[in-house]
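A short worksheet on the structure shown next.
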């Protein structure tokens, strides 16, 4: 843990408590979060925080950022399938051409 990760954890925790926790019951009933939740998550940098910034997404951080998001969601009892976006993005990052990375990584990070 370092100061940057601590600050990231704090902002993720506050966001989840304020924006996700109040809606969990309804999201479970409708079997998905609202589209606005995805957009808000992308806006604060919670989608793909470990993707290199050169692709116009992410924070350029390590997997520790993804782990913090998972931990905070678990502690809040929240469900949000951001791991799907992460898995897809990492396949594109590992196996995509430069053109595919430039086209798809920003879209995966910003769209639901």
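A short reminder: the numbers here are calculations on the coordinates, not readings from a lab. Keep in mind that this is a model prediction, so the values were computed, not measured. With ideal geometry, Cβ positions are generated from the backbone for all residues, glycine too; neighbour counts draw on all protein chains shown.
Taking label points 7 Å from Cα along the Cα-to-Cβ direction, residue 36 and residue 84 give a separation of 2.1 nm. Relative protection proxy for 39-51, 62-74, from highest mean packing down: 39-51, 62-74 (other beta-carbon atoms within 10 angstrom).
A simple spin-label model places pseudo-atoms 7 Å from Cα toward Cβ; at residue 103 and residue 25 they are separated by 4.5 nm. Taking N as the residue count of segment 1-57, its C-alpha radius of gyration divided by 2.2 N^0.38 Å amounts to 1.29.
What does the extension gain come out to for residue 74 and residue 4, with contour length at 0.36 nm per residue minus their alpha carbon separation? It would help to have the intermediate numbers written out before the result.
Working: separation 70, 0.36 × 70 = 25.20 nm, distance 2.09 nm.
So the chain would gain 23.1 nm between residue 74 and residue 4.
Once the Cα atoms are used to define both axes, helix 98-110 deviates from the longest principal axis of the chain by about 10 degrees. Within the chain, the proportion of C-alpha pairs whose separation exceeds 18 Å stands at 48%.
Here 102, 86 are placed in order of increasing Cβ neighbour count within 10 Å, fewest first, which gives 102, 86.
Among 92-98, 26-32, sorting by the average number of other beta carbon atoms lying within 10 angstrom of each residue, highest first, gives 92-98, 26-32.
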